[in-house]
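*Asks:* Just dropping this structure here.
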Amino acid sequence: MIHICYAVTDKKGTYTKYVGASLCSVFEHTQEWVTVHFLHDYTLSTDNRRYLMQLVRSYGQQIVFYDFEKLYGKRLAALEEKNKWMDKLLKQPLKQAMWYRLLAGELFQKLDRIIYLDGDTIVNMDIKELWEEEIGEKGLSAVLDIIIQENHYSMMVKKGLYDEDRYFNSGVLLIEPKVFGREENLLERGCEFLRENELVDYPDQDILNYFYGEGCHLLPEKYNTLVSHEFALRRENVGECIYHYAGQTYALDAVNNFHRLFLEYLAKTPWCNADFLGNLARNIHQNSRSLMLAYANFIAGMRRIVVAPKEETEKLKKLLAMKEQEEFLTPKELNARGLRLETNEVLLFFVKPEEFVSIKKHLESCGCTEGVHFINGNIFLYRDGAQDARIIRDS
């Protein structure tokens, strides 16, 4: 029997479907018996509970629900009260479920081992492989955080509190509860560590690295492959991996193999029903309408200067119905001309994403503001992953 754990706070009721897609991918790739341990609070809706049970039973597996409001309500409330200092440092509140995995050593003492998975994972391999991996001397195995390894910002590492070369990602964990639980009061001690060092960028992950890092067994990257990193490396083919869609890297794109992989499993779940598809269609329409209105307001009464590769000239002139007095420049021509904008002129850029990032930095250093003096025109031509992720989440 393989034991798998998920932890979810879902106030809008729209996140649990990701767990459904993840579970579906687990069941599709294994012949083993699986028990799902679902950690939740009062935000688990009746429909989402029913869909989870329906999905698990359709594969002949089983699920156990743990209401953390009942099990650890007082401790979590005290924790929240004591950590209000985080509020002034955060752009948005932390989800309470982030803390739940820290209690795995207490909750699962009767189990020899358990796999923790973030809800935004797709298991494109037999989970039995991970189940049979070695566990570290402190009861934990995890995969290095490849983004941190490549000098991504981490306050904990920057402050010298932990070695960057061993910093792991907490989205996929193999835990031996009896050993893992020897760190008593991990939740409270961990949050005190965060407070003392003012760490809020990766709270639960920082705690696990600080208390378990030296004894953690590091697993191959295939068990926690970050989709954003695959995109950065321009990889196109999916393999036998556990893919982690951290940062909401979902999109309504059946051509991209990573997006298609997620959609394939979501489509097999009870969440992909008439209500979901109807909401999805409505949200796509509203998003497209908002974009066009934003564009209309942006160019109202303005003279457009379109910046794009020369080979795109005719296509864009027709698409944008450009007028005679409006101008078309290549990036090289704009650079040679210099940035001399009249008050009624706006720049529309149709260049590669990485090119636009560089141009944007330059323009902002010159006092220009995106959405006022210039805009990335590609958002009107191609589906934007961040917008798609929001549309899927809210549907």
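*Asks:* Sticking with the crude label model, points 7 Å out along Cα→Cβ, report the distance from L277 to E129 in nm, one decimal please.
*Replies:* Using points 7 Å along Cα→Cβ, the separation is 3.4 nm.
*Asks:* Follow-up question, since we're still on this one. Round to the nearest 10 and give me the degree value, 0 to 90, for the angle of helix 385-394's Cα axis relative to the longest principal axis of the chain.
*Replies:* Approximately 50 degrees, to the nearest 10.
*Asks:* Would you mind telling me the antiparallel percentage of the DSSP bridges in the chain, rounded to 5?
*Replies:* Details: 12 of 43 bridges.
Taking every DSSP beta bridge within the chain, about 30 percent pair in antiparallel fashion.
*Asks:* Set the Förster distance to 22 Å, then compute FRET efficiency between E311 and L339 from the Cβ-Cβ distance, nearest 0.05.
*Replies:* Working: r = 24 Å, r/R0 = 1.09.
Step by step, r from the Cβ atoms, then E = 0.40.
*Asks:* Given the peptides 321-331, 102-112, arrange them by the average over their residues of other C-beta atoms within 10 Å, most packed first.
*Replies:* Ranking, from highest mean packing down: 102-112, 321-331.
*Asks:* Working from Cα positions, state the angle (0 to 90°, nearest 10) between the long axis of helix 46-58 and the longest principal axis of the chain.
*Replies:* That helix lies at roughly 70 degrees to the long axis.
*Asks:* Non-local amide H neighbours of F374 (under 5 Å, H modeled in plane, Pro and chain starts lacking H): which ones?
*Replies:* Under 5 Å from the amide H of F374: L347, T369.
*Asks:* Helix 353-365 versus the longest principal axis of the chain: what angle, 0 to 90°, nearest 10, using Cα atoms?
*Replies:* It works out to around 70 degrees.
*Asks:* Could I ask something else about it? In whole Hz, what ³J(HN,Hα) sequence does the stretch 159-168 give by Karplus (6.51, -1.76, 1.60; θ = phi - 60°), x for Gly and Pro?
*Replies:* 7, x, 7, 7, 6, 4, 5, 10, 6, 10
*Asks:* Next up: Among (1) 1.05; (2) 1.21; (3) 1.13, only one was calculated for this model; which label is it, if the read-out is Cα Rg over 2.2 N^0.38 Å?
*Replies:* (3)
*Asks:* With springs only between Cα atoms under 10 Å apart, run a GNM on the chain and tell me which of L194, L363, L140 wobbles the most.
*Replies:* L363
*Asks:* What FRET efficiency, computed as 1/(1 + (r/R0)^6) with R0 = 35 Å and r the Cβ-Cβ distance, is obtained for Q286 and K88, rounded to the nearest 0.05? Walk me through the numbers on the way to the answer.
*Replies:* Numbers: r = 33 Å, r/R0 = 0.95.
With a Förster radius of 35 Å, E is 0.60.
*Asks:* What FRET efficiency do you get for E137 and M53 if R0 is 45 Å and r is their Cβ-Cβ distance, rounded to the nearest 0.05? Before the final figure, lay out the partial values.
*Replies:* Working: r = 37 Å, r/R0 = 0.83.
Efficiency at R0 = 45 Å is approximately 0.75.
*Asks:* Something else: Please list, ordered by chain and number, the residues whose modelled amide H lies under 5 Å from the amide H of L226; skip anything fewer than 5 residues away on the same chain.
*Replies:* Distant-sequence amide H within range of L226: H244.
*Asks:* Counting only the backbone N, which residues of the stretch 15-54 are under 20 Å from the spot 7 Å out from the Cα of E80 toward its beta-carbon?
*Replies:* Within reach of a label on E80: 15-16, 39-46.
*Asks:* Whole-Hz Karplus ³J(HN,Hα) for the stretch 218-235, in order, using 6.51 cos²θ - 1.76 cosθ + 1.60 and θ = phi - 60°, x for Gly and Pro?
*Replies:* Residue by residue, the stretch 218-235 yields 8, 9, x, 4, 4, 7, 7, 8, 6, 4, 4, 6, 4, 4, 4, 8, 6, 7 Hz.
*Asks:* Residues of the stretch 70-110 with amide nitrogen under 17 Å from the 7 Å Cα-to-Cβ point of R189?
*Replies:* Taking a point 7 Å out along Cα→Cβ of R189, the residues of the stretch 70-110 whose backbone N falls under 17 Å are 101-107.
*Asks:* Now, a different point. Find which of L226, I375, H152 sits farthest along the positive direction of the dipole of the chain, computed with +1 on the beta-carbon of Lys and Arg, -1 on that of Asp and Glu, about the Cα centre.
*Replies:* Farthest towards the positive pole: I375.
*Asks:* Could you size up the charge dipole of the stretch 89-237 around its Cα centre, putting +1 on the beta carbon of Lys and Arg and -1 on that of Asp and Glu, and report it in debye to the nearest 20?
*Replies:* Working: 17 positive and 29 negative charges, 65 e Å.
In total the dipole reaches around 320 debye.
*Asks:* Which whole-Hz couplings ³J(HN,Hα) result when phi for each residue of the stretch 207-214 is put into the Karplus expression 6.51 cos²θ - 1.76 cosθ + 1.60, θ = phi - 60°, listed in order with x for Gly and Pro?
*Replies:* Once rounded to whole Hz, the list reads 4, 5, 5, 5, 8, 10, x, 5.
*Asks:* Just how large is the dipole of the chain about the Cα centre, in debye to the nearest 20, putting +1 at every Lys and Arg Cβ and -1 at every Asp and Glu Cβ? Before the final figure, lay out each step's value.
*Replies:* Working: 49 positive and 59 negative charges, 279 e Å.
Value, rounded to 20: 1340 debye.
*Asks:* Filter the GluC sites (Glu not before Pro) in the stretch 143-219 to those in DSSP coil with at most 16 other Cβ atoms within 10 Å of their Cβ, and list the result. Mind showing how you got there, number by number?
*Replies:* Working: sites: E150, E164, E183, E184, E188, E192, E196, E198, E214; in loops: E150, E183, E184, E198.
In loop regions of the stretch 143-219 (DSSP not H, G, I, E or B), the sparsely surrounded GluC sites (Glu not before Pro) are E150, E184, E198.
*Asks:* Name the residues whose placed amide hydrogens come within less than 5 Å of the amide hydrogen of V143, ignoring near sequence neighbours (fewer than 5 apart) on the same chain.
*Replies:* Hits under the 5 Å cutoff: N169, V172, L219.
Just so you know, all these numbers are worked out from the coordinates, no wet-lab data involved. Keep in mind it's a predicted model, so treat the numbers as computed, not measured. Every residue, glycine as well, gets a Cβ built from its backbone with ideal geometry; the counts of neighbours run over all protein chains shown.
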